Amino acid sequence: MNNCDNDAKDLIKLTYDKLSSDAVSESVVCPSCGAISMFIGTTRNNFEGKKVVQLEYEAYIPMAEAQLKKIFSDIRKTWPSVRHICVHHRLGVVPVMEASVIIGISSTHRSESLEAVKYCIDALKAAVPIWKKEIYETEGSSWKENKECLWGRNEVK
Amino acid sequence: MNNCDNDAKDLIKLTYDKLSSDAVSESVVCPSCGAISMFIGTTRNNFEGKKVVQLEYEAYIPMAEAQLKKIFSDIRKTWPSVRHICVHHRLGVVPVMEASVIIGISSTHRSESLEAVKYCIDALKAAVPIWKKEIYETEGSSWKENKECLWGRNEVK
Amino acid sequence: MNTEVLVLYFAKSAELADVRSETISVAREITSLQLWEELVNRHPRLSALRNQVVLAVRQEYVALEDQLLSLRSGDEVAVIPPLSGG
Amino acid sequence: MNTEVLVLYFAKSAELADVRSETISVAREITSLQLWEELVNRHPRLSALRNQVVLAVRQEYVALEDQLLSLRSGDEVAVIPPLSGG
């Protein structure tokens, strides 16, 4: 009955190309599931009053992929009705209002994919080696720090 | 600073056309927000062992729109950092694996849009006058009942 | 005193009544339960929905009970079987 | 006894060290804190990251502490400033 029981997909893409929510949602569609939950992180146009022109992302790519696989494995233990999991993260220059990350998770019960998406973005911010530099219109640039990251200064944002 | 403070958008579309997650996500992008949460309901290929060929949706359109607006208003009261809210619901024939509903909500804090999306789909299933008929390969068809709907039989699914 | 209202049938109620909309004449002062019984009188197969249906009057849900409705000419009344959107 | 490892620098650490990768010779038995101090000796500006950095050894996070690492030739060590993905 459940065509995708035997081939639960763990999909990861770190890419310099523009992200597409259609591509993510289509990659996790499952004929026996009814629910897809998604999270899209987009670049903001300001930080503490400074106008952000663009962002630049870099990643420790093989370790980022390995960390994402660990997160996926944790998700499958906690929410067994989750079927497919897909994370696309953009690298390089990301213009304001464009997506830096898109997460898509399908499940038979919608509450599971909704909770799993929340877990996934929280865990990604805490543990996946990816970095973002904000480039300001007037005052140079700065490397950001996720408040979820345990070894940062955890400054007030 | 927050370009969209003054024009929070409440977007509703009931349509016989195929839905697009890109269209929904793009409609709620907000330059001062960082988060978009989405839920996509897709048609399942089976119900209690019966193969579902397709679904047909119908709506009491003006009342459905009015009920969605009430839900949006409740969301804005509960999660004030929510900016734009968009619901696209498909009507008529929906083939298996295609989306019947897509919800997209942007917010400054991602936990708010994630919670608001969950509330929105729960409330939609409970209170928006839309109906779904499953058409089976062999045994005719049946009108479905959301377990969230207070006046249904609330059969075990 | 009677007034004319537009009755809309959706989903299973439209199949049972074999009509999607009709204009009927009913008492202005009528409870929602009495209004439902009027509709069942016109379309006896609707009784299959008893205990699993509500009405919408002027696009607001109304349970079947002894609450008195004040109907006005041209009001829209809808038969609302259990919802299954989403 | 020494061994050669590949050190990768990311984000702010790459800017401070002004290099993205280099092969260095270090003791096989060394604590993560000693390894960090080696890197700071080579690139003093890295000290700006003290208390806000971890290492990754063979792609596993390692806090700066007295835990002994067993490094092998060709191991990959990365300097990991606070994360900001998502």
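The values are calculated or read from the model by the stated rules, or taken from the named source; none is laboratory data. Predicted, not measured: the structure shown is a model, and the values here were computed from it. Because the Cβ atoms are built from the backbone with ideal geometry, glycine has one as well, and the counts that use them run over all protein chains shown. Calculation scope for accessible area: heavy atoms of the full protein, side chains included, ligands and nucleic acids excluded. Shrake-Rupley method; radii C 1.70, N 1.55, O 1.52, S 1.80 Å.
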Solvent-accessible area buried by C and B, counting both chains, probe 1.4 angstrom, square angstrom: 2200
³J(HN,Hα), Karplus 6.51/-1.76/1.60, whole Hz, each residue of the stretch B:128-142, x for Gly, Pro: 9, x, 9, 10, 10, 10, 8, 10, 9, 4, 10, 10, x, 8, 8
Spatially proximal aspartates and glutamates relative to B:K9 (Cα-Cα < 15 Å; intrachain offsets below 8 disregarded): B:E26, B:E65, B:D74
Percent carbon-and-sulfur accessible area, the protein assembly as shown, ignoring ligands, DNA and RNA, probe 1.4 Å: 47
Residue closest to axis [chain D; rotation mapping onto C; Cβ; Å]: D:G86, 14
Under 23 Å from the Cα of B:K132 - lysines, other chains or at least 8 residues apart: B:K13, B:K18, B:K50, B:K51, B:K69, B:K70, B:K118, B:K144, B:K147, B:K157, C:K12
Surface accessible to a 1.4 Å probe, per residue, for the residues of chain D, Å²: 47
Taking the C-alpha atoms of the protein assembly as shown, convex hull volume expressed per residue in Å³: 156
For chain B, the longest site-free run once GluC sites (Glu not before Pro) in DSSP loop states with at most 16 other Cβ atoms within 10 Å are removed: B:49-97
Span-rule helices in chain A, defined as complete DSSP H runs reaching 15 Å or more along the axis (Cα) with Kyte mean at least 1.0: none
Per-copy distances of the B:K147 label point, shortest first, in nm (7 angstrom along Cα→Cβ): 3.4
The stretch B:9-137: equivalent-ellipsoid semi-axes (sqrt of 5 x gyration tensor eigenvalues, Cα, Å): 27, 15, 13
Reciprocal mean inverse distance between Cα atoms of the stretch C:2-80 - Kirkwood radius, Å: 12.2
Ellipsoid equivalent to the stretch A:67-157 - semi-axes via the Cα gyration tensor, in Å: 29, 15, 11
